[in-house]
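The values are calculated or read from the model by the stated rules, or taken from the named source; none is laboratory data. Because the structure is predicted, anything quoted here is derived from the model rather than measured. Cβ atoms come from the backbone with ideal geometry, glycine included; neighbour counts cover every protein chain shown. What goes into the accessible areas is simple: the full protein's heavy atoms, side chains included, and nothing from ligands, DNA or RNA. Shrake-Rupley method; radii C 1.70, N 1.55, O 1.52, S 1.80 Å.
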Amino acid sequence: MREVVIDPITRLEGHGKIVIKLDENGNVQKAILQVPELRGFEKFLVGRTAEDAPQITSRICGVCPWAHHMAATKALDDLFKVEPPLAAKMIREFAYNVFMLEDHALHFFVLGGPDFIVGPTAAKEERNLVGIIKKLGADVVKNVIITRKKLRYLEQLIGGKITHPVLGLPGGVAKPLSDEDWKICFDTSKEGIEFAKFAYKALKDIVLSNDQYVELIKSDAYTHKTYYMGLVDDNNNVNFYDGKIRVVDPEGREFAKFDVRNYLDHIAEHVEPWTYVRFTYLKGVGWKGFVDGKESGIYSVAPLARLNASNGMATPMANELYKEFYQVMGGKPIHSTLAFHWARVIEMVYAAERMMELIENPEIRSKDVRNLPKERPDVGIGVVEAPRGTLIHHYETDERGIIKRANLIVATQNNSARMVLSVDKAARSLIKNGKIDDGILNMVEMAFRAYDPCHACATHSLPGSMPLIVRIYDSDDNLIKEIRRD
Amino acid sequence: MPKAKVAFYWCASCGGCEEAQVDLADKLFDLVEAADIVLWPVAMDFKREDVERMPDGSIDVAIINGGIRMSEHEEMVKLLRRKSKLVVAYGSCAHMGGIPALANAYTKESIFKYAYEEAPTVNNPEGRRPEVRASFDGVELELPAFLDYLKPLDEVVEVDYYIPGCPPTPEITWEAISSILSGKLPPKGHVFGSDRALCYECPLNETKPEKISLDTIKRPHQIVLDPNKCYLTQGVLCMGPVTRGGCKALCIKGNMPCTGCFGPVDGVSYQGAKALSFFSSIINIDDENTFRKLVEELGVDPLGWFAKYCLGKGTIYRKKEER
């Protein structure tokens, strides 16, 4: 019996680890993704003043601080029973879409994208931003860096800080948009649309026009038939900021649609002793172990899941791309994990179009951005779609708004069971008769990378390669081979 | 002359510090010009054995963020200390424990019990918990241990310099890195950033009176703040007077008070106590009953208000397991 350990991989907060156990013939007996860290936010939120939650919880993740900040802020609206003025909601949603565009872009060009743009088994020193520069040219990369910088500047204008913003308060936002800020937001939104179109063209030219890639995306090694979850608006279109949570079954039929206030009726969590992460599952189906299919309560979130759980996109260009997506992939739902990347680019187009819709609406310039809470707080539950999926914050307080209990269903957690399945299946499908090389290991990594699990660092890395060391031991625990990636 | 060797490492952090480093943008290329990055888990291959193989003292500077929460963090920073000439604590978590150190007010047992048994969505009648050694389908697996407390970096290893902030700004990051690389070393123990309180760089400083006197206190959600007037004069607690400057007052420009992430000014060891004493001194309520009533109605959270980022430094708050 041999064991292959991939350690560390980078992930949400700290390191992740993949352990692959081989049988005598060198085939995979089991591959496991472990999460080795806990910080205890839910516990130490207790005793804090509720209005501080958007700032405290943004420290769960410095890569997606806006997602936690916004889910917490919406939970506060609910907690204090106060509806924000329209302009405040629009400013929040605008800033949120800026963040989604920026975050998705980085994943596409720096983290996940290189696997396709440069190639899944390309030389390891090329499979990163350096390779992208060679493939697409320095100007393209410059465009990505400059656009990212501009988008991050908008986040600072609106949120004070880019990482760990301060704008969210129950009943509104801390400040309105000034005329100067509005102009910068408008100009950058225009550029954002061009940028998203450019990203889609890159996807189309490089990935979708390559039959081998399309075949890889559709291959069984990266396929899991699970339930899918995402926020939808009144027309069942994708929405990142607000709406109802919709779940479809592996055949694409609506399984549930609910207000986040009722999430406890639908979501439960399973605990395993070999990892610090809790595994969410659909309560109505139940935890059946690490298996996919309709009988298993395992579900998925994030771009592909959002598209599967909806009927379309609410903006015109994105909706055309949505239709094309399902046409090429052969109907709904799509179970191919690698299609997450494609769905992500469609969402970039939506985020940019939505930014423009919001910033063009004169209402967003209103100075009326706060309603002060008047009701006694008790329970508040809020939801947004983080780049990496449905994110729920739930607080219970005393009558002064001091937190007594908190529960957080974090985006990546919703995908954690499916990610364990994906890593196992990819390893089983790709590693045969003991043949392991860097390209194959990268393809195992692609199985979880597609989810863009909130690798706090990897998402924003230069050159964007996952740090990887694989050690292969023989049955006497002697190191027989080491594969390193620089 | 050989290029300097720089290592970046992260412990219990959120990734915001890595964002700040990536936000160096064009300066990142200057850094690569001036130094070899020998370790940076976000960007390059990393292996503990590689660091172990390096001669002691061969890394010029190790820049470490995050607090020490897991056994793995403790082992790694001790190793890095041995291999490095200089160690820099980067960001509030490494500097003072940061927000995750608020967990120190709770026992390890209560954190585990809540996370894996009591949280409303958890279904775990068997009472399973993550274990340092466990097996899954016949595969033996290991996890790093969750330590009793989250500690700042200098409680585990000697620290030469500090870069404050949650996260630090790219400007201060670059100031510190370029100062170290050019060999213009500040005195040991130096904290980068301003050596004066945030008030001195606050755009509202002109409206701050010589003497502040508060008849009442308001929580940020209870008031629409006037963006042109010192928040303290509006009755909202702003940590500006007891917090190191250098961030360019970003939160204030977002129309919210400072929450203290840059830590105390020079000469103050514990920001939480300094803040408590400062705010006690400006509250203009002599009558004890009135004061008690205010505290009761307000719902005062001294840890969250005054020690949000520095609780890791305050050993008195460390809750021990009840035996």
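Counting just the residues of segment B:289-309 that are away from chain A (no Cβ under 14 Å) and either modelled with pLDDT of 90 or more or open to solvent by less than 70 Å² (accessible area, probe 1.4 Å) (or both), which one comes out nearest to the chain's Cα centre (by Cα)?
Selected residue: B:Arg292.
Of the residues A:Gly192, A:Gly131, A:Gly119, which single one is at positive phi and either in a helix (DSSP H, G or I) or within 24 Å of the chain's Cα centre (by Cα) (or both)?
Within the list A:Gly192, A:Gly131, A:Gly119, the selection yields A:Gly119.
Pairs only if they're at least six apart or on different chains, beta carbon under 7 angstrom, first in segment A:182-203 and farther than 20 Å from A:Val118 by Cα, second open to solvent by 40 Å² or more (accessible area, probe 1.4 Å); list them, first residue then second.
Listed by first residue and then by second, the contacts come to A:Trp182/A:Arg365; A:Thr188/A:Lys150; A:Glu191/A:Lys150.
Of everything in segment A:158-188 that's touching a Leu at 6+ places or on another chain (Cβ under 8 Å) and part of a helix (DSSP H, G or I), which residue is farthest from the other protein chains (Cβ to nearest Cβ)?
Per the stated criteria, the residue is A:Thr188.
Could you give me the residue pairs with C-beta distances under 7 Å whose first residue belongs to segment A:429-442 and is closer than 15 Å to A:Gly119 by Cβ and among the aliphatic types (A, V, I, L, M), whose second residue is modelled with pLDDT of 85 or more and not in a helix (DSSP H, G or I) wherever it lies, and which are 6+ apart or on separate chains?
Listed pairs, sorted by first residue: A:Ile440/A:Ile431.
Do you know which residues across segment A:256-307 are hydrophobic (A, V, I, L, M, F, W, C) and in a loop (DSSP other than H, G, I, E, B)?
Once the filter is applied, which keeps residues that are hydrophobic (A, V, I, L, M, F, W, C) and in a loop (DSSP other than H, G, I, E, B), segment A:256-307 yields A:Val271, A:Trp274, A:Val277, A:Val285, A:Trp287, A:Phe290, A:Val291, A:Ile298, A:Val301, A:Ala302.
Please give the strands (runs of 3 or more DSSP E) falling wholly within segment A:363-442 in which 1 or more residues are more than 28 Å from A:Gly289 (Cα to Cα), facing another protein chain (nearest Cβ under 10 Å) and open to solvent by less than 20 Å² (accessible area, probe 1.4 Å).
In segment A:363-442, A:389-397, A:403-409 are the strands (runs of 3 or more DSSP E) which contain 1 or more residues that are more than 28 Å from A:Gly289 (Cα to Cα), facing another protein chain (nearest Cβ under 10 Å) and open to solvent by less than 20 Å² (accessible area, probe 1.4 Å).
How about segment B:1-35: which of its residues are open to solvent by 20 Å² or more (accessible area, probe 1.4 Å), at pLDDT below 85 and more than 8 Å from chain A (Cβ to nearest Cβ)?
B:Met1, B:Pro2, B:Asp26, B:Lys27, B:Phe29, B:Asp30, B:Val32, B:Glu33
Yes or no, residue by residue, for (1) away from chain A (no Cβ under 14 Å); (2) closer than 21 Å to B:Ala101 by Cβ; (3) hydrophobic (A, V, I, L, M, F, W, C):
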{"residue": "B:Asn228", "(1), (2), (3)": "no, no, no"}
{"residue": "B:Arg244", "(1), (2), (3)": "yes, yes, no"}
{"residue": "B:Cys247", "(1), (2), (3)": "no, yes, yes"}
{"residue": "B:Val268", "(1), (2), (3)": "yes, yes, yes"}
{"residue": "B:Leu276", "(1), (2), (3)": "yes, yes, yes"}
{"residue": "B:Asp287", "(1), (2), (3)": "yes, no, no"}
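Of everything in segment B:254-266 that's over 18 Å from B:Asp154 (Cα atoms) and touching a Lys or Arg at 6+ places or on another chain (Cβ under 8 Å), which residue is farthest from the other protein chains (Cβ to nearest Cβ)?
Looking at residues that are over 18 Å from B:Asp154 (Cα atoms) and touching a Lys or Arg at 6+ places or on another chain (Cβ under 8 Å), I get B:Gly260.
I'm told A:Val238 meets every condition in (1) modelled with pLDDT under 95; (2) crowded, with 22+ Cβ neighbours inside 10 Å; (3) aliphatic (A, V, I, L, M) except one. Can you identify the failing condition by its number?
For A:Val238, the failing item is (1).
Is it the case that segment B:180-193 has a residue that's open to solvent by less than 30 Å² (accessible area, probe 1.4 Å), within 14 Å of another protein chain (Cβ to nearest Cβ) and in a loop (DSSP other than H, G, I, E, B)?
There is no residue in segment B:180-193 that is open to solvent by less than 30 Å² (accessible area, probe 1.4 Å), within 14 Å of another protein chain (Cβ to nearest Cβ) and in a loop (DSSP other than H, G, I, E, B).
For B:Gly165, only one of the following conditions fails: (1) modelled with pLDDT under 95; (2) closer than 15 Å to B:Ile63 by Cα; (3) small (Gly, Ala, Ser). What is its number?
Single failed check for B:Gly165: (1).
Can you tell me which residue among A:Ala88, A:Ala31, A:Ala75 is within 12 Å of chain B (Cβ to nearest Cβ) and in a helix (DSSP H, G or I)?
A:Ala88
Report yes if A:Glu51 is of a type in the set (Asp, Glu), open to solvent by 10 Å² or more (accessible area, probe 1.4 Å) and farther than 22 Å from B:Leu250 by Cβ, otherwise no.
Here the answer is no, as A:Glu51 does not meet what is asked.
Name the one entry in A:Phe258, A:Phe240 that is free of Cβ contacts under 8 Å to residues at least 40 places away in the same chain, more than 30 Å from B:Arg69 (Cβ to Cβ) and more than 10 Å from chain B (Cβ to nearest Cβ).
Matching residue, one of A:Phe258, A:Phe240: A:Phe258.
Could you list, in sequence order, the residues of segment B:141-155 that are over 15 Å from the mean Cα position of the chain (by Cα) and either open to solvent by less than 20 Å² (accessible area, probe 1.4 Å) or of a type outside the set (D, E, K, R) (or both)?
B:Leu141, B:Leu143, B:Pro144, B:Ala145, B:Phe146, B:Leu147
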